[in-house]
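Computed from the coordinates by the stated procedures, all read-outs in this text should not be read as laboratory data. Computed from a prediction, not measured in an experiment: that's the story for all the values here. Cβ coordinates were reconstructed from backbone atoms using ideal geometry, including for glycine residues, and neighbour counts include every protein chain displayed.
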Amino acid sequence: MDKQFSDFGIGEEIIQRLSAAGITSPTAVQQKIMPLVAEGKNLMFQSETGTGKTFAYLLPILQRLCDNPKSSNPVRVLVASPTYELASQIKAQVRLVSDVKCALCIGGAPISRQVELLKEKPQIVIGGPARLLELIHLKKLKADAVETLVLDEADRLLSPELRNDTEGLLERLPRRVQLIGNSATVSDYTRKVLQNARDAIDRASEEKAPAESGKASGSKDSAGKISTDMAANGNKDAGAKDSGNTPADQNPADQNPADRKQADRKQAASAIEFVTLPTEDVLRKKITHVAIFAERRDKIDTLRSFINAVKPKKLLVFTSKSDQIENIASKLRYRKLECEALSAKIGKQERKSAIDRFRSGKVTILVTTDLASRGLDIPDVTHVVQLDLPQTADFFIHRAGRTARAGKTGMNCVIGDAYEMQDFAKLEKKLGLKVYPKILYKGKLTSPRPDTEENDGKEDKGKGKQ
C-alpha cells in the first residue's frame, strides 16, 4: 500500500491544501526525510532535481509550528537561499499549504521594509545569508530564538562567493538549533564544512555559559572563535585547544562511565546525518540529451532555428555570459519570438515579473544565467538549451534538471562549437549519458544521417546547421 502524508504526521489541513494543488502522495525523498526532520535530526540530504526536496523539509517544519504555536516568540525558522528566485519559490510553497506567517528578506530590497515585516512576528524568515546576517547584526532579527536553520541548495551556499556569509549566519545560532541542508549535488567539502559548523555552534555554546558569569565581552570572544576554528578545519585543532574543559574532551579511558555516556549522547545529538537518496536516474532516463554544432557567431541563429523546429511549450535558455543575456533576448524578440531575460543586473520586481510571466505561460522562453538553475521549480519546462557548457558537471546537472520534473520527460540541448563538443563528449562519458547529435534541416531537428537514428552521441558532431 502506498504511503500517505498522514502516515508521516502531516495534519489534515495541510493535506487538503496539498491535494488542492494536485499533490496527493509523498515522493521517495519526502518519505525518507520527513520523519528525520520531525525527529529534530541535524540533516544533510542529497536528491536529484525535481524530486520534491523543498516539501521534504518544509512539511514537517510547518506541522511542528502548527502543533506548537508560540505567538509571543520571535522568528523560529530561518531558510537560507542562494537566489531571490528560489527564496520566493519557498515562500510561495509555505503559503500554498499553510497560514504560517513568513517573511522574505533578500538583498537588493529596502531593508527598512524588511524590518517592518519582522515587527509583524513571522515564524519563518526566508532570504539570502548576507541579508539574514545583516538583520541579526542590526538586532532586528533575534537569532537566539531560532529553532531550525535550513540551507536550501547547501553546496551553493557554501561556495566561495557565499561561504563567509553562510558561516557567519551559522555562528550566530543557539546550540539547540536544528540544522538541515539539501542539494541535488553534495560535495565532500560541503559535508565537512557543515559538520564543522555544527561542532562550532556547540563549542561556542559551551564556552558562552561560563563566560556569561564573567565579563559580558566573553560571549563575543567565544563567537569569534568559530570561524577561526572552521577555517583551520577545526574539529581536531579546536578539540585539542579546548582539551580538559568538558568530559567530552577528555581521553575516554580517563572518563567514568556516566561521563562517557553523556559525551556520547552530546556527540550523537550534534552529528550531521548525511542521507543520499537512491538515484531515480532522471538525467539518463527522463531527459533526452541532444548536441547541435554551431560556430560561436551562429549560436543565436541556431537557437532561433531550434525553437522554430521543436516549438517548445516552455524553454529555458542558459548562458554563462551574463553580458549576453539581453543580446540573446533582443535577437529572439527581433525574430518575433516572445521571451523574457533574467539576470542579476535587473531589479527585483523585473526579475519577479519575468519569472511570473514564464511560470504562467504568458511567455514560453526564458533566457538566463546559472542564477536560476539552482532549485528553481517551474512546472512543465519541456526543453532546456545550453548555449555553452558550464565549468563543472554539477552546473550542467542543475541546468538540465530544470526539465523532466515530477516524473515527466524533457529535452536538454547543448549548442556548441568544436571545443565545446569535445568537452560535451567527455561529460557524456563521465555522467553515463546518451547524447544524440542533431542538425537543423529544412525546418526540422533531425539526425545527421537518417539511417543512424540511434547515434552513439559522438559521431558527426562537427556538422553544422544546414
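Just want to confirm a number: the relative contact order over region 282-446, from Cα pairs under 8 angstrom separated by 6+ residues, in percent.
Values: 294 pairs, mean separation 63.5, N = 165.
38 percent.
Give me LYS286, LYS321, LYS121 sorted ascending by neighbouring Cβ count inside 10 Å, so fewest comes first. Before the final figure, lay out each step's value.
On the way: LYS286 18, LYS321 11, LYS121 14.
Neighbour counts put them in this order, fewest first: LYS321, LYS121, LYS286.
Got a sec? How would HIS137, HIS289 order by Cβ neighbour count within 10 Å, fewest to most?
Numbers: HIS137 12, HIS289 21.
Sorted ascending by nearby Cβ count, the order is HIS137, HIS289.
Using a Förster distance of 30 angstrom, determine the FRET efficiency expected from the C-beta separation of LYS408 and ASP144, and round it to 0.05. The partial results should precede the final answer.
Values: r = 44 Å, r/R0 = 1.46.
About 0.10, to the nearest 0.05.
Starting from the amide H of ASN412, placed 1.01 Å from N in the peptide plane, find each other amide H under 5 Å away whose residue is 5 or more places distant or on another chain.
Sorted by chain and number, the residues that satisfy this are THR288, HIS289, VAL290, VAL384.
If we count other beta carbons within 10 Å of each Cβ, what is the order of VAL363, VAL186, fewest first? Intermediate values should be presented prior to the final figure.
Numbers: VAL363 17, VAL186 22.
Result, fewest neighbours first: VAL363, VAL186.
For region 282-446, what class follows from the C-alpha gyration tensor (a ≥ b ≥ c being the square roots of its eigenvalues): rounded when a/c is under 1.5, otherwise prolate if a/b is larger than b/c, else oblate? Numbers along the way, then the final one.
Working: a/c = 1.41, a/b = 1.23, b/c = 1.15.
Rounded, because the longest to shortest axis ratio a/c is under 1.5.
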